[in-house]
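Each remark here refers to the structure printed beneath this line.
The values are calculated or read from the model by the stated rules, or taken from the named source; none is laboratory data. Since the structure is predicted, the reported quantities are computational estimates derived from the model, not experimental observations. Please note that ligands, DNA and RNA were not included when accessible areas were found on the heavy atoms of the full protein model with its side chains. Shrake-Rupley method; radii C 1.70, N 1.55, O 1.52, S 1.80 Å.
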Amino acid sequence: HELIAKDEDEYCDIAVQLARSPERIRSYRDTLRDRLLSSPLCSGQALMSNVEAEYRRMWTRFCKVEGKEENVEEGEESREKEEEKDGEEEEECMRTVETKTEELIAEEESKDSECSTPQTE
């Protein structure tokens with residue numbers, strides 16, 4: 001946050017300080033990638049969770065201003081149904097993956113047993 005200026009004058013002061021401090025610039029350059037990768041911006045799940053929460057806050061605020069608090073409750077119910085549906089879809093996907101994995105393992109075991117069985121003529 002030390003690089004965020006409140007106004008144009010402060011921006012110029014920060015720029016001058018940085019220009020006079022090459023080791024500080026080097027430090028930013030050396031740590032920037034790791035700081036970015038560990039930030040919420042690079043965590044898709046955390047970012048989307050934050051975005052969704054902000055949408056809910058905006059929707060709630062809008063409904064209260066418009067005097068439509070019942071829409072907030074409907075929105076929460078809808079969100080809960082979506083989360084439930086997502087959970088069911090994820091479970092179905094996992095069952096499909098497990099089934100396919102079991103089929104592939106059985107197929108490989110069958111091939112292995114064919115290769116190890118001596119054939120008589």
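Of all the residues in region 1-60, those that are in a loop (DSSP other than H, G, I, E, B), open to solvent by 100 Å² or more (accessible area, probe 1.4 Å) and at pLDDT 85 or above number 4.
Considering each of 68, 100 in turn, give the residue that is modelled with pLDDT under 75 and not polar (S, T, N, Q). It is 68.
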